[in-house]
Each structure stands twice: as C-alpha cells, then as structure tokens.
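Trainee: Quick one: the structure is below, and I'll ask about it shortly.
The values are calculated or read from the model by the stated rules, or taken from the named source; none is laboratory data. Since this is a predicted model, take the numbers as computed values, not measurements. A quick note on method: Cβ atoms are made from the backbone with ideal geometry, for glycine too, and the neighbour counts reach across all protein chains shown.
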C-alpha cells in the first residue's frame, strides 16, 4: 500500500458493511412485500397491523442483507478479476472476510428472530428461504441461467409477507412472487451484459456469456412481458381496483422505456435502466396498490 493510500481515511466497519451489501437496494424488494402484506391485511380485517408490517420489514432487510453479504464473500475472487467489481470492499480490504461473515450472521439471526415473532409457519419456512440465497452466487459456476435462481430467491418475499400476516399459504401471493422473481431475473439479464467479455475470459457462466448480448436483451424483454401478465393475474385474483390498474399501466410504460434505452449494441444507459427505472417500478406500483387498498376500505 502506498503512503498516499494509507493516509486516506478508511471507512468504519459498519459503513463498509452497508456499502458491501448495498443496503439502499432494498427498494427493489420491499415494495412488493408490502403489497402482499397489505393485501392480506385487507382480506383479513381491513386494518393495517403496524407491528406485523415492521416485522416484515425487519425480516426482509435481514434476509436480503445476509444474501448480499454471502454473495460478496463467495464471489470475492471473481470480483477481484473483474475491473467493474475490483473496488468492492472485500477485494480492496476495506472489509475483512471475518467481519463480513459476522455481519452476515447477525443479519441472519435478525431474519430468523423476526420470523419467529411473526408466526410458527414463518419460522418453519425461514430456513428454506435461506437456501437459494446461498446457492445463487454459486449458480454462475454450474449453470448458464443463474438469474433463474435469483428469481426464485426474490419470489419468496411476497409469499413470506403474506404468510407473515395470515399464517397460511396463498396462491395469490405466489403469483405476485413469480411476477417479482421474473422481473428481477429479467433485469439481471440486462445487468449481466456489461460483464460479458470478462465472464467469458474467467469462465463465469451467464446467458449473455453463453448466448450473447442480443439473446440476453430479448430474454429480458420476454421476462418483463411475462411479469406484466403476472401482475394482471394478481390484480384480477385479488379484486384490485382502478388505482392498482393505473399503477400497472405506469409499470408497463416504465418497462417500455427501459427497453427503449437499452439495446444490444448500446449499453451506455444500462445503469439508468437498472437503478433508476427498476427502483421507480417498485415504488410506483406500491403507491398505486396502497391507494387502491385505502380507497377500497383499508383502515390505517
């Protein structure tokens, strides 16, 4: 380490860990967990149960934090060989593997604790929810379709949120979960396009690395068309009103915009599509779904 770099202030462990797990990206998953939880509350007694909603939030953030930390730990050698990820905290030494595992295990305990406080079924299913979170980072080592594993992991959020409220299984929540999983799997196909040359060089498996960027972009478009259809299915199954359908129109428009700015031969606006548009999609549909439930009689 040079004297200049040594003189730079190193971030605290907590700050480095939060950067490691990109805590702000919880915005992608939380809105859909809230949609499921609030719809379940509407169906149960039309009242918002704030304590349950808080525990759902804690469980979701805890599990996502564990998953991201495990991903970064497992992938640290791959990250070191990729110029785009070479500045991640476990590669640069801003965070040690020991401390990353400590943070991951604390997050896992928080998740399991929240599940235990919710209801017995949540606690019983909690270990199952952890499995794809650990399998996903290994997926790029044995399948060209690691996004399918990521989609499965993300699909469990709405299902778990519904179970948190009712203590019972719901196929409506499964439809919403599948919509979320296919959506996130689709935009991860786009995100993976920026690493295609490095992935091929170091042997990382992915759709763009195996089949090319045009195939990945087409696959993402298909995924987002399927996502829209699943949102329609969920809205119809739960008797959604006009505000939900308005939200779905907004989401469909955002998908069209996303795919208009990302093309196989031009990935220059990929980060805008990934971070801005997809963050907007989750928040927009949540706001519209909440308004819809409130208009239909959900009591705050």
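Trainee: Scan the range 203-217 for residues that are surrounded by fewer than 16 Cβ atoms within 10 Å (Cβ to Cβ) and closer than 25 Å to residue 251 by Cβ and report the count.
Mentor: Step one: of the range 203-217, the residues surrounded by fewer than 16 Cβ atoms within 10 Å (Cβ to Cβ) are 203, 210-212, 214-215.
Now drop any that are not closer than 25 Å to residue 251 by Cβ, which leaves 214-215.
Adding up the residues that qualify gives 2.
Trainee: I would also like to ask the following. Considering only residues that are surrounded by 14 or more Cβ atoms within 10 Å (Cβ to Cβ), in contact (Cβ under 8 Å) with a residue 40 or more places away in the chain and not in a helix (DSSP H, G or I), which ones fall in the range 264-300?
Mentor: Answer for the range 264-300, where residues must be surrounded by 14 or more Cβ atoms within 10 Å (Cβ to Cβ), in contact (Cβ under 8 Å) with a residue 40 or more places away in the chain and not in a helix (DSSP H, G or I): 264, 267, 296, 298.
Trainee: Additional query: Quick one: is residue 222 within 20 Å of residue 281 (Cβ to Cβ) and either free of Cβ contacts under 8 Å to residues at least 12 places away in the same chain or surrounded by fewer than 22 Cβ atoms within 10 Å (Cβ to Cβ) (or both)?
Mentor: So residue 222 passes the test.
Trainee: List the helices (runs of 4 or more DSSP H) inside the range 196-263, counting only whole elements, that have at least 2 residues being closer than 20 Å to residue 174 by Cβ.
Mentor: Answer list for the range 196-263: 213-237, 242-261.
Trainee: Could you check how many residues of the range 69-83 are within 19 Å of residue 18 (Cα to Cα) and not in a helix (DSSP H, G or I)?
Mentor: Step one: list which residues in the range 69-83 are within 19 Å of residue 18 (Cα to Cα), which gives 69-76, 79.
Within this subset, residues satisfying the condition of being not in a helix (DSSP H, G or I) are 75.
Result for the range 69-83: 1.
Trainee: Hey, another quick one. What number of residues within the range 155-171 satisfy the criterion of being over 23 Å from residue 62 (Cβ atoms) and buried (at least 21 other Cβ atoms within 10 Å of the Cβ)? Before the answer, list the steps.
Mentor: To start, the set of residues in the range 155-171 that are over 23 Å from residue 62 (Cβ atoms) comprises 171.
Narrowing further to those that are buried (at least 21 other Cβ atoms within 10 Å of the Cβ): none.
Qualifying residue count, the range 155-171: 0.
Trainee: Another question about this same structure. With closer than 20 Å to residue 155 by Cα and part of a helix (DSSP H, G or I) as the only criterion, which of 116, 104, 129, 100 stands out? Before the answer, list the steps.
Mentor: On the way: 116 fails: closer than 20 Å to residue 155 by Cα; 104 fails: closer than 20 Å to residue 155 by Cα; 100 fails: closer than 20 Å to residue 155 by Cα.
Just a single option satisfies the conditions, and that option is 129.
Trainee: Out of all the residues in the range 141-164, is one or more in contact with a helix residue (DSSP H, G or I) (Cβ under 7 Å, 6 or more places away or on another chain), over 25 Å from residue 40 (Cα atoms) and not in a helix (DSSP H, G or I)?
Mentor: Yes: the range 141-164 contains one or more residues that are in contact with a helix residue (DSSP H, G or I) (Cβ under 7 Å, 6 or more places away or on another chain), over 25 Å from residue 40 (Cα atoms) and not in a helix (DSSP H, G or I).
Trainee: Quick check on residue 56: is it surrounded by 22 or more Cβ atoms within 10 Å (Cβ to Cβ) and either modelled with pLDDT under 95 or part of a helix (DSSP H, G or I) (or both)? Outline the logic, then answer.
Mentor: Details: surrounded by 22 or more Cβ atoms within 10 Å (Cβ to Cβ): yes; either modelled with pLDDT under 95 or part of a helix (DSSP H, G or I) (or both): yes.
Yes: the conditions hold for residue 56.
Trainee: Then there's this: Which ones in the range 84-97 are in contact (Cβ under 8 Å) with a residue 60 or more places away in the chain, more than 16 Å from residue 70 (Cα to Cα) and in a helix (DSSP H, G or I)?
Mentor: none
Trainee: While we're on this one: Kindly list the number of the only condition in (1) modelled with pLDDT of 95 or more; (2) surrounded by 23 or more Cβ atoms within 10 Å (Cβ to Cβ) that fails for residue 189.
Mentor: All conditions pass for residue 189, except number (1).
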